[in-house]
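My questions will all concern the structure given below.
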Amino acid sequence: MVSVAIDGPAGAGKSTIARRAAKELGFTYVDTGALYRAIGLFCTDNGTDVSDSEEVVKILPGIDIRIVFTDGEQRVILNGKDVSKEIRTEKASMTASIVSAIPGVRSFLLELQRSFAKSANVIMDGRDIGTVVLPDADVKIFLTASPESRADRRTKQLAAKGTIADYNDVLSDIIKRDYNDSHRDTAPLKPAEDSIIVDTTELTLRQSIKRITDIIRDKL
Ligand code: DC
């Protein structure tokens, strides 16, 4: 099996680029952020305070997360319910960032993530795929872009979905999430030593996808 790890900060275009590259190359795309989002959503629905890591760890045994692929699209099933849409809100993003700093949450999701790479050729996106989840991945890419361009893209993405968000609020959320994700003790966001860094600030989506598929083809 071939595995490709794509890590990087929120809003660098990882999921769109990884999904499209996977389609082009015939790989399965796995979005690992969705798993952290599902745990955050469960806490919110359950009234669990996400800042209390002991409480969060206590409720983990009651969580069953499955990923199913329908027409190449990943759906997240939380305790039997499809939550693929609900995990995409801004609140769910922030909650996911908080629960993802809890070591017990990370170890809870580790084997699940590894199991995907055992059964299919995958492009897996996240924050610690190349460093922790798949340290032996065949290709490791660290995808990044300036906070301003990420905030700009995110604001436009939300607008396209009918949600008007203030650019400055989005930018400050991105900066806060970057800080949380890269300063946690367990599996902080950082490029793997053997990763190829791709900065998409000046690239269009099409150019970014081409850069990524070229890197993958070259390495295989
Ligand atoms: O990629 P995303 O925005 O859907 O991720 C949601 C949160 O989950 C993000 O704040 C960081 C965290 N995350 C992580 O810690 N490790 C991963 N492999 C994927 C996501």
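Heavy atoms only, probe 1.4 angstrom, no DNA, RNA or ligands counted: give me Tyr36, Tyr179, Tyr167 ranked by accessible area, highest first.
Values: Tyr36 20, Tyr179 135, Tyr167 75 Å².
If we order Tyr36, Tyr179, Tyr167 from most to least accessible, we get Tyr179, Tyr167, Tyr36.
Do any of Lys23/Lys219; Lys118/Lys140; Lys156/Lys190; Lys23/Lys118; Lys118/Lys161; Lys14/Lys161 go past 23 Å between their Cα atoms, and which? Walk me through the numbers before you get to the answer.
Numbers: Lys23/Lys219 18 Å; Lys118/Lys140 17 Å; Lys156/Lys190 27 Å; Lys23/Lys118 19 Å; Lys118/Lys161 35 Å; Lys14/Lys161 19 Å.
Long pairs (Cα-Cα over 23 Å): Lys156/Lys190; Lys118/Lys161.
Determine, at each q value in 0.16, 0.17 (inverse angstroms), the log₁₀ of I(q)/I(0) that the Debye formula gives when each Cα of segment 95-141 is one equal point scatterer.
For segment 95-141 at q = 0.16, 0.17 Å⁻¹, log10 I(q)/I(0) is -0.45, -0.51.
Still on this structure, please answer the following. Helix-only estimate, please: 222 nm mean residue ellipticity of the chain, summing -39500 (n - 2.57) across DSSP H runs of length 4 or more and dividing by its residues, to the nearest 500.
Working: 8 runs with 106 residues, N = 220.
So the calculated ellipticity at 222 nm is -15500 deg cm²/dmol.
Per the 1.4 Å probe, what fraction of the accessible area of segment 1-67, in percent, lies on carbon and sulfur atoms?
On the way: 1210 of 2720 Å².
Its accessible area is 44 percent carbon and sulfur atoms.
Also: State the percentage of accessible surface on segment 80-218 attributable to carbon and sulfur atoms; use a 1.4 Å probe and exclude ligands, DNA and RNA. Let's see the in-between values first.
On the way: 3900 of 7190 Å².
Ligands and nucleic acids excluded, carbon and sulfur give 54 percent.
Considering just Cα atoms, how many Å³ per residue does the convex hull of the chain enclose? Spell out each step's value before the answer.
Values: hull volume 26.3 nm³, N = 220.
In the chain, the Cα convex hull volume per residue is 120 Å³.
Phe42 accessible area, nearest 10 Å², 1.4 Å probe?
So the heavy atoms of Phe42 present about 40 Å² to solvent.
Mean shadow of segment 159-220, computed from the convex hull of its alpha carbons, in nm²?
Dividing the Cα hull surface by four gives the mean projection, 6.5 nm².
Another question, then. What order, most packed first, do the peptides 45-56, 14-25 have when packing is the mean number of other Cβ atoms within 10 Å of each residue? Present the calculation step by step, with values, prior to reporting the outcome.
Details: 45-56: 13.7, 14-25: 20.2.
Ranked from most to least packed, the peptides come out as 14-25, 45-56.
The values are calculated or read from the model by the stated rules, or taken from the named source; none is laboratory data. From a predicted model like this one, the values you see are computed outputs, not experimental measurements. Heads up, the Cβs are rebuilt from the backbone with ideal geometry, glycines too, and the neighbour counts pull from every protein chain shown. When the accessible area is computed, the model is the full protein with side chains, heavy atoms only, and any ligands, DNA or RNA have been set aside. Shrake-Rupley method; radii C 1.70, N 1.55, O 1.52, S 1.80 Å.
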